[in-house]
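Notes follow the structure.
The values are calculated or read from the model by the stated rules, or taken from the named source; none is laboratory data. In this text the structure is predicted, and so the values were computed from the model without any measurement. Cβ placement follows ideal geometry from the backbone for every residue including glycine, while neighbour counts extend to all protein chains displayed. Just so you know, the surface numbers come from the protein's heavy atoms only, side chains and all, with ligands and any DNA or RNA stripped out. Shrake-Rupley method; radii C 1.70, N 1.55, O 1.52, S 1.80 Å.
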Amino acid sequence: MYKQLFNRRKTLKFKRFSNKSYALFAVLGREVLVGVLSVATLTYAKASGVSTHTEFADSDSTVVNAQHELREVSVMGTRAPLTQSRQARMVTVLSREEIQSAPVQSVNDVLKLVAGVDVRQKGPLGALTDVSIRGGSSEQIAVLLNGINMGDAQTAHNVFDLPVDRDDIERIEVLEGPAARVYGTSSLLGAINIVTKGHTSSTSPQRQLSAHLEGGSYGYLQAGARGALTTPRFTNSVSASYTRSDGYLRSASGRLSADYISGKAFYQGSYADPDVRLSWHAGISAKDYGSNTFYSVRFDNQFEHTLKTTTALQAETRRGWFHLRPAVYWNRNLDRFELIRGDESKVPFNYHHTDIFGSNLNAWFDSPLGRTALGVELRYEDLVSTTLGETLQRPRHIAHTSRQYTKGINRTNVQLVLEHNVVLSRLTLSAGLTAVENSQADMGMRVYPGVDASWQLADGWKLYAGYNSSLRMPSFTELFYSVGGHKADSHLKPEELWAIEAGVKYRRGGVDAAASVFHNHYKNLIDWINDGSLDESGQEYWQSVNFGKINALGVEASVVLDFRQLWPAQRLLKSATAAWCWIDQEQDRQEGVISQYALEYLRNKLTAAATLNLWRSLDLTVNWRLQHREGQYKDLAGATHRYATYALMDARLGWTRPRWSLYVEGNNVLDRDYVDFGNVRQPGFWLVAGASIRL
């Protein structure tokens, strides 16, 4: 299959790989297929203080406290598996307990709890949400499902169209800062890994079934169910959900313009024996939503339909001194955008079809010198479209229409990784490099190094520091989208980032606190800007550009208090958290230039949360956040406004029993007016009530 992909040619005139690279691809394809089916039976050797194997999704992991640590579960942070307590980098982990108790309706909403994460919404329920880390854009992070890269080469706007919802999730891991040697060069400023629920094997078959139903303001309704079957060797689970809302906005003609319908289905399974563990998943997500003025203020009745499918197979050998971890995956993304909803007579609909094939072969082994990891990754991205790319010699028919895909683009990315970890009684040192070559970019293979270190002090104190670098290729939209008031530059250069970070962490007796300082240096930063230039029709337009060099300085601090440990005699207080992230960018601001991303970063984000046990099984969780965003936007009349500082409060009151729960949630309970992106007004007070049952 991969040989056919490599030999495939459209009319694109991009730089070819060297003969060495093609040879590497052939070896990779063969080794991945062999590695999935092979089992290492070498003598087992365990390095002191490190994890012996990676858990793809382990449901019996023990939550140590209400915040961010899981006991002896491997989390991302290094290429080789290490438990969170031994990581040289700080990885934030949102546990299942936090996710289930939070007043949220989508995966995107859960990420608002992390101070260093910016969640910019153009609509509720994840209709169109850009998620970024530490002042970057949504294009600059890697989003993964069970370790599989879900990135969309067309645009990051749709990357969170995941086939899972809250009830499928075991935990969410957030790695801040460049993560190239962990999850590839797409993770310019970090990575978010969503780990779904799994089930350990049992001596006898076990069955589980759960369902939930909730509804609320603006015609909101969500229903979902999940079932699982566990045997001594195999586990299987399947889930499905349906969500709809009338939305909270109307067009000038009075028509609903932020309505939302979504359906999801997800299947996952695993096989485990003493020698090997296999894990696989497949999912589908379909979404229709009114886009109001999401993409252009000149049209207030936009619409978008997306369909995403994903399938993946992963494996890991469990014995011997040399461990193999191969994986293969295929993601397909379909997108139809209607600038004027339901009417092609004035502006034809935009159709996009993306196929992404990926494979990687990771290996690690222990020696007296530490734990060493090697990796080879191959990712092939192919897009056919009505607007993006170069003219195809043979147009392709668009299913269920009379139109054809007339443009297209494809590219192949290869990455080599080498990393070594030293884990001593108090010291953890991780150093490595990533070498990357892309068939689209006019560049040879480039190398990006990184090193992280942590020192465990007495009485729960830990110091850490690191230097990391990474690269990101432009999305196909940034390269070619030149319609609807936009002009793209097909010659954009890849973004590059060099970052340093240092911090301290304290964890003891129910207190979990951390503070860090980081500095990011960007080169060739990509953004869409409006500088007042006019197109042929006399209208202003947005253009994609390389910004040049930008420096950013940031500070993060957080504290988590577990009152069940601090004050066990009382029952009212369960936990409380507070976190703050401050960022300042040093850049040359041009008068009259409006940015969509680079200049519109969160300068300040402050979050706080508390969970109270009011009576018996009745808990109250209150989340509060304050945000101040730099930048400005234009309203429908063309007037320029600066983003205003706003504070929001969400709350959840729930009665939870082992087999069932009832809850009431309120979002934006103070009914604040605010915008997250451009001139798109966000919803006011939103009330939700629901119930769940577990059998």
Given (1) surrounded by fewer than 16 Cβ atoms within 10 Å (Cβ to Cβ); (2) in a strand (DSSP E or B), index of the condition A569 fails: (2)
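Yes/no matrix, rows are residues, columns are (1) touching a Cys at 6+ places or on another chain (Cβ under 9 Å); (2) under 24 Å from V555 (Cα atoms); (3) assigned to a loop (DSSP other than H, G, I, E, B); (4) at pLDDT 95 or above:
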site	(1), (2), (3), (4)
H157	no, no, no, no
D161	no, no, yes, no
D167	no, no, no, no
I172	no, yes, no, no
S202	no, no, yes, no
R207	no, no, no, no
Qualifying residue in the stretch 537-552 (condition: in a strand (DSSP E or B), at pLDDT 90 or above and under 24 Å from N604 (Cβ atoms)): yes
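Consider A488 carefully, then state whether it is at pLDDT 95 or above and buried (at least 16 other Cβ atoms within 10 Å of the Cβ).
On the way: at pLDDT 95 or above: no; buried (at least 16 other Cβ atoms within 10 Å of the Cβ): yes.
So A488 fails the test.
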Flag for R207 being free of Cβ contacts under 8 Å to residues at least 12 places away in the same chain, over 21 Å from G147 (Cα atoms) and among the basic types (K, R): no
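Yes or no: T607 among the hydroxyl-bearing types (S, T, Y), modelled with pLDDT of 95 or more and within 21 Å of I141 (Cβ to Cβ)? Step through it out loud before you land on a result.
On the way: among the hydroxyl-bearing types (S, T, Y): yes; modelled with pLDDT of 95 or more: yes; within 21 Å of I141 (Cβ to Cβ): yes.
When the stated conditions are applied, T607 passes them.
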Residue check for G184: over 20 Å from V517 (Cα atoms), modelled with pLDDT under 90, open to solvent by less than 10 Å² (accessible area, probe 1.4 Å) and not acidic (D, E): yes
Positions within the stretch 599-621 being in contact with a helix residue (DSSP H, G or I) (Cβ under 7 Å, 6 or more places away or on another chain) and farther than 30 Å from R659 by Cβ, in sequence order: T607
Pair list, Cβ under 9 Å, 6 or more apart: the stretch 315-328 residue over 16 Å from E377 (Cβ atoms) and of a type in the set (F, W, Y), other residue open to solvent by 10 Å² or more (accessible area, probe 1.4 Å) and in a loop (DSSP other than H, G, I, E, B): W321/A40; W321/L42; W321/T43; W321/Y44; W321/A45; F322/A40; F322/L42
Check on V276, among the aliphatic types (A, V, I, L, M) and open to solvent by 30 Å² or more (accessible area, probe 1.4 Å): no
Residue list for the stretch 531-560, filter: touching a strand residue (DSSP E or B) at 6+ places or on another chain (Cβ under 7 Å) and among the acidic types (D, E): E540, E556
Single match in S270, S262 (criterion: in contact with a Ser or Thr (Cβ under 6 Å, 6 or more places away or on another chain), over 15 Å from A127 (Cβ atoms) and open to solvent by less than 20 Å² (accessible area, probe 1.4 Å)): S270
Which numbered condition V559 fails, given (1) crowded, with 20+ Cβ neighbours inside 10 Å; (2) modelled with pLDDT of 90 or more: (1)
Number of positions in the stretch 344-362 that are open to solvent by less than 10 Å² (accessible area, probe 1.4 Å) and either of a type in the set (D, E, K, R) or farther than 24 Å from S482 by Cβ (or both): 2
Residue list for the stretch 245-259, filter: surrounded by fewer than 17 Cβ atoms within 10 Å (Cβ to Cβ) and on the phi < 0 side of the Ramachandran plot: D246, A252, S253, R255
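Go through the stretch 573-592 and give me each residue that's crowded, with 16+ Cβ neighbours inside 10 Å and of a type outside the set (F, W, Y).
Start the filter on the stretch 573-592 by keeping residues that are crowded, with 16+ Cβ neighbours inside 10 Å, which leaves 573-583, 585, 587.
Residues satisfying the conditions are L573, K574, S575, A576, T577, A578, A579, C581, I583, Q585, Q587.
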Hits in the stretch 449-490 - residues which are aliphatic (A, V, I, L, M) and under 30 Å from V511 (Cβ atoms): V451, A453, L457, A458, L463, A465
Residue within the stretch 320-343 that is open to solvent by 40 Å² or more (accessible area, probe 1.4 Å), in contact with a strand residue (DSSP E or B) (Cβ under 8 Å, 6 or more places away or on another chain), acidic (D, E) and part of a loop (DSSP other than H, G, I, E, B) present: no
Leading residue by the ranking (nearest to the chain's Cα centre (by Cα)) among those in the stretch 491-532 that are without any contact (Cβ under 8 Å) to a residue 40 or more places away in the chain, open to solvent by 40 Å² or more (accessible area, probe 1.4 Å) and under 30 Å from S385 (Cβ atoms): K523
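When you scan the stretch 623-695 for strands (runs of 3 or more DSSP E) that lie fully inside it, which ones turn up with 1 or more residues that are surrounded by 14 or more Cβ atoms within 10 Å (Cβ to Cβ)? Please lay out each step first, then the result.
Details: elements: 632-634, 640-642, 646-656, 660-667, 686-694.
Filter on the stretch 623-695 gives 632-634, 646-656, 660-667, 686-694.
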